[in-house]
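Just below is one structure, and these are the notes that go with it.
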Amino acid sequence: MISQELKKYFPILDQEINGNPLVYLDSAATSQKPVQVIEALKAYYELDNSNVHRGVHTLGNRATESYEGAREKVRKFINAASTEEVIFMRGTTTAINTVASGYGRMNIQAGDEIVITYMEHHSNIIPWQQLAKERGAVLKYIDLEDDGTISLENVRAAVTENTKIVSMMYVSNVLGTMNPIREVTKIAHDNGAIMVVDGAQAAPHLKVDVQALDCDFFAFSGHKMCGPTGIGVLYGKKDLLEAMEPVEFGGEMIDFVGLYDSTWKELPWKFEGGTPIIAGAVGLGAAIDFLNEIGLENIEQHEHEMAAYAMERLSEIDGLTIYGPADPLKRAGVVTFNLSEVHPHDVATVLDMNGIAVRAGHHCAQPLMKWLDVTATARASFYLYNSLEDVDRLTEGLRTAKEYFSDVF
Amino acid sequence: MSFNNLDQLYRSVIMDHYKTPRNKGSIEDGGITVEMNNPTCGDRIHLTMQVEEGKVKDAKFDGEGCSISMASASMMTQAVKGKEVAEALKLSEIFSDMMLGKDYDDSIDLGDIEALSGVSQFPARIKCATLAWKAMEKGVQNP
């Protein structure tokens, strides 16, 4: 296990909530930040803060070097071929919206198909719904297997020669399912479609290699991987990005501005209108250094172990239902469940009184909730700082909840 | 841990309304219908009311949600049934003040509703408690 020594880097975890030591099990919503990231943000603002790509003064050069240095760290982190393919954005939502607007509007015609799945996060549903409505395209959903996995047969059944875009999450934020992106990408390409990947739950937890996946776009957020909020990345293949029009216009992204017409900077800056998210990128760079130090393989291994142990312990509780694949190796560190008749909000409140933070609700995945035939669920999600003891505390907290509500039902 | 803190929230009156909701169901015809949900958590209420001559003759609810939201809906229908619309809106205002932890008008007997006062100590759950009241307000104001 890697966690016991790592916890010390996360100051926020060293506190009591409602009189109990905090157990943070909501990292799929946002991860906590290590001192290394907090210090990097502080150092940037205390020593280097300036606007980038302009002026000749020293601070401006330092800020630019820090910002572009972070881009190179991201490039290596996802194994992109070039930093031209790495665009800084606010987060996964903005990145997917940029693809839907920038690529989608230029390439989708009436009758074309956009294919997604029932397990998607709202951020990978609504941009496509809007695009489909605007262009008169058809939005199709890939069926899930009973255990919440995706079979390639179902992908082949949904993707046709009319399909222009396939968009899928790499790892489910609800079921923890790890989807076969490389194989799905192959099917998309064989049918002449491009492949968009929502990597929000993948980048923090496993080694991402966009060239090996061969996907066309890959979106992820910094805040779920120990970085600050407000910074994320859109990776896109160079030829596609070059053919795309920017979505936001203004300063920073221009080459020449005339009275009635303007031209754009080269990649990646043509997609980064306005003063960029400089400190956010610096923080994300520090988060990447931190994750690399631990090793993504170790993190992935740790999360499989956490998921396996959580599924084992939670199964001991009568009336508790766990959703998603039964095989812990098929899932990342996410365990979504319901405790008999007790509503997940009530479960989450009892856990909070015990110092345990979990998510309760629809997890921004209403179509998936419908597929599961539930209105809401509770979710425990683990990261590198969680330990087996945290799972024991969760189990104990759930027993308390069960006992507390036992006379109601 | 002790259950003391939890008992502030989950008073027995609340759990009774949750387990045995009053006015559960739907008024067949001629009434006001309001669908409202809490988009952050998925709680949903389907409220039907019959308002005649400025009076809430009947109110029924259906829905899905946590103990607080469903108990609050049950209590709300119980409280507004038979009341003038203006009185129902006044109750809603008092309830809102109670949830926000403000001083509220205690000249009116709130009955079971009083049991929800502890919710104000649980900020994350206030929206659960106010859903049904918001639906009622919407229904009588835009029939």
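The values are calculated or read from the model by the stated rules, or taken from the named source; none is laboratory data. Note that the structure is a prediction, hence the values are computed from the model and not measured. No Cβ is skipped: glycine too gets one built from the backbone with ideal geometry, and neighbour counts run over all protein chains shown. Heads up: the accessible areas ignore ligands, DNA and RNA and are worked out on the full protein's heavy atoms, side chains in. Shrake-Rupley method; radii C 1.70, N 1.55, O 1.52, S 1.80 Å.
For the protein assembly as shown, the dipole from Cβ point charges (+1 on Lys and Arg, -1 on Asp and Glu) about the Cα centre works out to 580 debye, to the nearest 20.
Report, in debye and to the nearest 20, how large the dipole of the range A:223-283 comes out about its Cα centre when Lys and Arg carry +1 and Asp and Glu carry -1 on their Cβ.
Values: 5 positive and 9 negative charges, 71 e Å.
That gives a dipole near 340 debye.
To the nearest ten degrees, helix A:126-135 and the longest principal axis of the Cα atoms of chain A are 50 degrees apart. Summarising the label geometry, the points placed 7 Å from Cα in the beta-carbon direction at B:ALA86 and A:GLN15 lie 4.8 nm from one another.
Please identify the longest segment of chain A free of exposed GluC sites (Glu not before Pro), where exposed means a DSSP state other than H, G, I, E or B and no more than 13 other Cβ atoms within 10 Å. Present the calculation step by step, with values, prior to reporting the outcome.
Values: sites that count: A:GLU145, A:GLU161, A:GLU266, A:GLU316, A:GLU341.
In chain A, the maximal stretch lacking such sites is A:1-144.
Computed over protein heavy atoms with a 1.4 Å probe, the carbon and sulfur contribution to the accessible area of the range A:295-408 reaches 46%. Listed by chain and number, the aspartates and glutamates placed with their C-alpha closer than 17 angstrom to that of B:LYS102 are B:GLU93, B:GLU114; residues fewer than eight positions away on the same chain are left out. With all protein chains kept in place, the per residue accessible area of the range A:38-292 amounts to 39 square angstrom at a probe of 1.4 angstrom. Comparing A:LEU384, A:ILE317, A:VAL374 along the charge dipole axis of the range A:295-408, the residue lying farthest to the positive side is A:VAL374, per the Cβ-charge model.
With both bridge residues required to lie in the range A:38-292, what share of the DSSP beta bridges run antiparallel, to the nearest 5%? Before the final figure, lay out the partial values.
Details: 13 of 29 bridges.
Rounded to the nearest five, the antiparallel share is 45 percent.
Working note: Karplus 6.51/-1.76/1.60 with θ = phi - 60° gives the range A:337-351 the couplings 8, 9, 9, 5, 8, 6, 5, x, 5, 5, 4, 5, 5, 4, 5 Hz, where Gly and Pro are set to x. Rg and Dmax, both from the Cα atoms of chain B and both in Å, are 14.4, 52. Nearest 10 degrees is fine. How inclined is helix B:85-99 to the longest principal axis of chain B, computing both from alpha carbons? For helix B:85-99, the angle is close to 20 degrees.
Legend: residue pairs A:LYS224/B:LYS138; A:LYS224/A:LYS370; A:LYS402/B:LYS81; A:LYS76/A:LYS265; A:LYS140/B:LYS138; A:LYS237/A:LYS370, Cα-Cα distance threshold 30 Å; pairs beyond threshold, A:LYS224/B:LYS138; A:LYS402/B:LYS81; A:LYS140/B:LYS138; A:LYS237/A:LYS370. Once the protein assembly as shown is represented by equal point scatterers at the alpha-carbon sites, with solvent omitted, what log10 I(q)/I(0) does the Debye formula produce at q = 0.06, 0.08 Å⁻¹? Log-scaled intensity ratios, in q order: -0.35, -0.62.
Per residue, the solvent-accessible area of chain B (1.4 Å probe, heavy atoms of protein chains only, all protein chains present) comes to 47 Å². When both the range A:160-226 and the range A:230-272 are represented by their alpha-carbon centers, they are found 23 Å apart.
Dipole magnitude for chain B: computed about the Cα centre from +1 point charges on Lys and Arg Cβ and -1 point charges on Asp and Glu Cβ, it is near 380 debye. The stretch between A:THR58 and A:HIS122, if pulled fully straight at 0.36 nm per residue, gains 18.7 nm over its current Cα-Cα span.
Considering only the other residues whose Cβ falls under 10 Å of the Cβ of A:ARG182, what net charge follows from Lys and Arg at +1 and Asp and Glu at -1?
Numbers: positive: A:LYS186; negative: A:GLU183, A:ASP209, A:ASP214.
My count for the surroundings of A:ARG182 gives -2.
Charge tally for A:LYS7 (other residues, Cβ to Cβ under 10 Å; Lys, Arg +1; Asp, Glu -1): -2.
Could you tell me which of rounded, prolate or oblate describes the range A:114-196, using a ≥ b ≥ c as the square roots of the eigenvalues of the alpha-carbon gyration tensor, with rounded for a/c under 1.5 and, failing that, prolate when a/b is larger than b/c and oblate otherwise? Working shown, then result.
On the way: a/c = 1.84, a/b = 1.21, b/c = 1.52.
Oblate, since a/c reaches 1.5 and b/c is not below a/b.
Taking the Cα centroid of the range A:362-409 and of the range B:97-143, what is the distance between the two, rounded to the nearest whole Å? That distance is 27 Å. The mean number of Cβ atoms from other chains found within 10 Å of a Cβ in peptide A:393-405 is 1, as a whole number. Straight distance only, please: which aspartates and glutamates reach the Cα of B:LYS24 with their own Cα at less than 17 Å, same-chain residues fewer than 8 apart left out? Straight-distance partners of B:LYS24: B:ASP16, B:GLU35, B:ASP43, B:ASP58, B:ASP62, B:GLU64, B:ASP112.
Here A:ASP373 and A:ARG182 are evaluated by their C-beta separation; at R0 = 35 Å the FRET efficiency comes out at 0.70.
Please say if the range A:38-292 is rounded, prolate or oblate, where rounded means a/c under 1.5 for a ≥ b ≥ c the square roots of the C-alpha gyration tensor eigenvalues, and otherwise the choice is prolate for a/b larger than b/c and oblate otherwise? List each step's numbers first, then the result.
Working: a/c = 2.40, a/b = 1.46, b/c = 1.64.
Judged from the Cα gyration tensor, the range A:38-292 comes out oblate (a/c at least 1.5, b/c at or above a/b).
If I compute solvent accessible area with a 1.4 Å probe over the protein chains, what percent of it on the range A:142-190 is carbon and sulfur? With neighbouring chains kept in place, the figure for the range A:142-190 is 41 percent. Where both bridge residues fall in the protein assembly as shown, DSSP classifies roughly 70% of the beta bridges as antiparallel.
Whole-Hz Karplus values for the range A:92-97 come out as 4, 4, 4, 5, 5, 4 Hz, taken residue by residue from phi with 6.51 cos²θ - 1.76 cosθ + 1.60 and θ = phi - 60°; glycine and proline positions read x. Can you give me the Cα centroid spacing of the range B:1-53 and the range A:19-69 in angstrom? Measuring centre to centre over Cα atoms gives 45 Å. Each listed q (0.10, 0.15 Å⁻¹) maps to a log10 I(q)/I(0) for the range A:245-381 from the Debye sum over equal C-alpha point scatterers, namely -0.60, -0.87. Positive end of the dipole of the range B:84-143 (Cβ unit charges, origin at the Cα centre): among B:ILE126, B:SER107, B:LEU91, the Cα lying farthest that way belongs to B:ILE126. Per residue of peptide A:344-351, the mean number of Cβ atoms on other chains within 10 Å of the residue Cβ is 6.
Share of carbon and sulfur in the accessible area of the range A:77-127 stands at 46%, probe radius 1.4 Å. Chain B against chain A buries an accessible area of about 1800 Å², both chains summed, 1.4 Å probe radius. Within the shell defined by Cβ-Cβ distances under 15 Å, the residues around A:ALA80 carry a net charge of -2, with Lys and Arg each +1 and Asp and Glu each -1.
Amide H to amide H, with H built 1.01 Å from N, A:LYS265 comes under 5 Å of A:ILE254, A:ASP255, counting only residues 5 or more places away or on other chains. Principal-axis analysis of the Cα atoms of chain B puts helix B:126-141 at an angle of about 10° to the longest axis.
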